[in-house]
Amino acid sequence: MPNLTTPQISELKNGFKGDVILSGDGAYESARKIWNGMIDKRPALIARCAGTPDIVRTVNFARDTGAMLAVRGGGHNIAGNAICDDGVVLDLSGMKAVSVDAGARRATVEGGATLADFDAATQAHGLSTPMGINSTTGVAGLTLGGGFGWLSRKHGMTVDNLESAEVVTAAGEVVRASAKQHPDLFWALRGGSGNFGVVSRFEFRLHPLGPEVLTGLVVYPIAEAKAVLRKYDDFVAQAPDDLTVWSVLRLAPPLPFLRPEFHGKGIVVLAIFYAGDPKQGESLIAPLRTLGTVLGEHIGVQPYAAWQQTFDPLLTPGARNYWKSHNFSTLKDGLFDAVLASIATLPGPECEIFFGGIGGATTRPAADSTAYAHRDARYVMNVHGRWQDPADDARCVGWARDFFKASAPFASGGVYVNFLTADEGDRVANAYGPNYERLARVKRQYDPGNLFRVNQNIKPS
Ligand SMILES: Cc1cc2nc3c(=O)[nH]c(=O)nc-3n(C[C@H](O)[C@H](O)[C@H](O)COP(=O)(O)OP(=O)(O)OC[C@H]3O[C@@H](n4cnc5c(N)ncnc54)[C@H](O)[C@@H]3O)c2cc1C
């Protein structure tokens with residue numbers, strides 16, 4: 001890769017409305033940090049864009065100089081694809097505007113917005129659309145990989161609610177992709193990750209929600225995990241689309257509603273979200289409080305935007321993180337044994353295994369209706385290794401890999417592209433599943449030189 005010269009950088013800066021940050025600048029060290037503290041890369045420059053013309057300028061610059069180009073939305077990607085060594089980072093963190101047309105139930109969201117930005121703007125009108133469960137996540141990367149969260153059983157994947165996108169292509173052209181304009185590109189953006197261009201703006205369909213919703217946590221002892229998980233799977237299989245329940249296995253954090261003697265002990269947590277009328281939800285969720293010996297519970301009506309931030313304190317940026325993930329269409333008994341063995345060897349208090357319950361509306365579209373293909377998934381499992389001290393790297397990574405292997409026989413074969421780590425190049429084909437070939441053809445059309453390759457990469461066919 002060529003070294004960037006001072007005249008080239010001056011040329012980029014000329015007319016650039018945002019900031020061009022270079023190594024040695026005061027802002028450089030914080031600008032190169034991303035959510036996963038294990039990623040430590042030093043780009044040649046960070047182009048913090050202030051608008052679409054800056055994006056066009058940066059794309060043209062990277063293409064014409066032959067520099068590696070990484071695109072940063074919210075910077076949450078576990079594989080560290082928001083950043084690269086030596087090349088150019090096109091940083092969208094200065095473009096976070098969200099505007100809502102409440103009458104038309106549409107939101108227009110800039111490419112650097114986080115879920116917190118999205119929730120604040122949309123919930124002001126009692127509207128929302130499926131997004132993730134941690135408010136500092138970027139809307140862009142989440143959407144481009146598929147996107148799921150508390151509203152997905154009711155309204156589908158995030159991409160099922162995407163109406164259009166403004167995209168800067170590898171050629172530096174600004175195009176609008178929708179069902180009618182550049183339909184192949186629009187199809188590919190809905191699950192094909194950052195392979196097809198820089199999305200400067202997304203347009204989402206919105207749905208009425210809350211603002212008050214029924215949510216909560218119920219905590220069971222790990223000793224009862226097998227029975228609780230079995231009943232949980234049965235319950236979820238017949239639950240209405242309004243109701244979403246995730247299960248999390250870990251050591252108990254010092255939750256205020258848990259007695260101190262349970263802190264640090266193995267637990268199964270059911271995280272419950274009801275998207276309908278809270279009064280109707282209460283009777284529906286009642287069985288979830290009778291699956292075993294309840295150690296503690298905290299259930300009530302609260303603003304959706306607050307629930308969206310409930311897990312933020314456990315997911316703060318900067319920690320070391322290593323994930324492994326499988327999709328499941330059902331939870332089987334052998335899997336529970338593997339889960340229990342893994343929880344018995346947890347390497348630290350921040351590590352956990354979760355089963356994110358999707359299904360419902362996410363399973364109804366055909367697998368080829370969007371680039372996101374995993375319409376058979378009812379659970380997205382993530383073994384979330386998380387720790388602070390680099391000395392624990394091998395132990396925590398090894399633990400995550402062990403459970404990944406032990407749980408593989410029970411998985412459906414697919415994997416969520418947004419949960420792949422940097423060392424899983426061999427699983428990229430599984431992440432795009434049966435849609436890979438078509439994605440490779442669209443890639444050839446819009447990015448034949450593979451300019452956008454710092455991602456779970458699709459090679460132009
Ligand atoms: C704590 C945490 C919780 C999470 N919870 C969920 C969840 O509930 N549901 C879920 O679906 N996912 C979840 N994820 C996964 C999340 O979807 C991915 O990490 C996603 O990549 C984050 O997007 P980002 O914009 O923050 O990431 P970035 O690291 O900035 O980008 C991710 C990828 O997208 C590309 N990209 C980013 N912005 C653009 C753009 N505007 N145009 C083109 N390409 C772009 C990047 O180049 C990169 O390849 C979670 C992740 C974390 C760390």
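Residues being open to solvent by 30 Å² or more (accessible area, probe 1.4 Å) and at pLDDT 95 or above: count how many of those fall in segment 411-445. Adding up the residues that qualify gives 7. Determine whether THR129 is within 8 Å of the ligand (Cβ to nearest atom), within 19 Å of the chain's Cα centre (by Cα) and among the hydroxyl-bearing types (Ser, Thr, Tyr). No: the conditions fail for THR129.
Checking each residue in segment 54-66 for being under 27 Å from the mean Cα position of the chain (by Cα) and either hydrophobic (A, V, I, L, M, F, W, C) or surrounded by fewer than 24 Cβ atoms within 10 Å (Cβ to Cβ) (or both) picks out ILE55, VAL56, VAL59, ALA62. Selection within segment 146-181: residues that are in contact with a Ser or Thr (Cβ under 6 Å, 6 or more places away or on another chain), assigned to a helix (DSSP H, G or I) and under 18 Å from ASP119 (Cβ atoms). The member of this set that is farthest from the ligand (Cβ to nearest atom) is ASN161. Evaluated against (1) of a type outside the set (A, V, I, L, M, F, W, C); (2) touching a strand residue (DSSP E or B) at 6+ places or on another chain (Cβ under 9 Å); (3) under 30 Å from PRO183 (Cα atoms), GLU352 falls short on exactly one condition, (3). Taking residues in segment 307-322 that are assigned to a helix (DSSP H, G or I), and partners anywhere that are within 9 Å of the ligand (Cβ to nearest atom) and open to solvent by 50 Å² or more (accessible area, probe 1.4 Å), the pairs with Cβ atoms closer than 8 Å and at least 6 places apart or on different chains are ASP312/THR136.
Screening the candidates VAL454, VAL415, VAL380 for the property of being within 14 Å of the ligand (Cβ to nearest atom), outside any loop (DSSP other than H, G, I, E, B) and among the aliphatic types (A, V, I, L, M) yields one hit, VAL380. Within segment 115-141, the set of residues being within 21 Å of ASN418 (Cα to Cα) and either among the aromatic types (Phe, Trp, Tyr) or open to solvent by less than 20 Å² (accessible area, probe 1.4 Å) (or both) comprises LEU115, PHE118, ASP119, THR129, PRO130, MET131, GLY132, ASN134, SER135, GLY138, VAL139, ALA140.
Give segment 114-126 a look and list any residue that's within 16 Å of the ligand (Cβ to nearest atom), out of contact with any helix residue (DSSP H, G or I) (no Cβ under 6 Å at 6 or more places or on another chain) and farther than 10 Å from GLY149 by Cβ, or say none. Selection gives THR114, ALA116, ASP117. Taken over segment 353-373, the criterion of being assigned to a loop (DSSP other than H, G, I, E, B) and of a type in the set (S, T, N, Q) is satisfied by SER369, THR370.
The values are calculated or read from the model by the stated rules, or taken from the named source; none is laboratory data. Remember, it's a predicted structure, so these values are computed and weren't measured experimentally. Cβ: placed from backbone, ideal geometry, glycine included. Neighbour counts: every protein chain shown. Heads up: the accessible areas ignore ligands, DNA and RNA and are worked out on the full protein's heavy atoms, side chains in. Shrake-Rupley method; radii C 1.70, N 1.55, O 1.52, S 1.80 Å.
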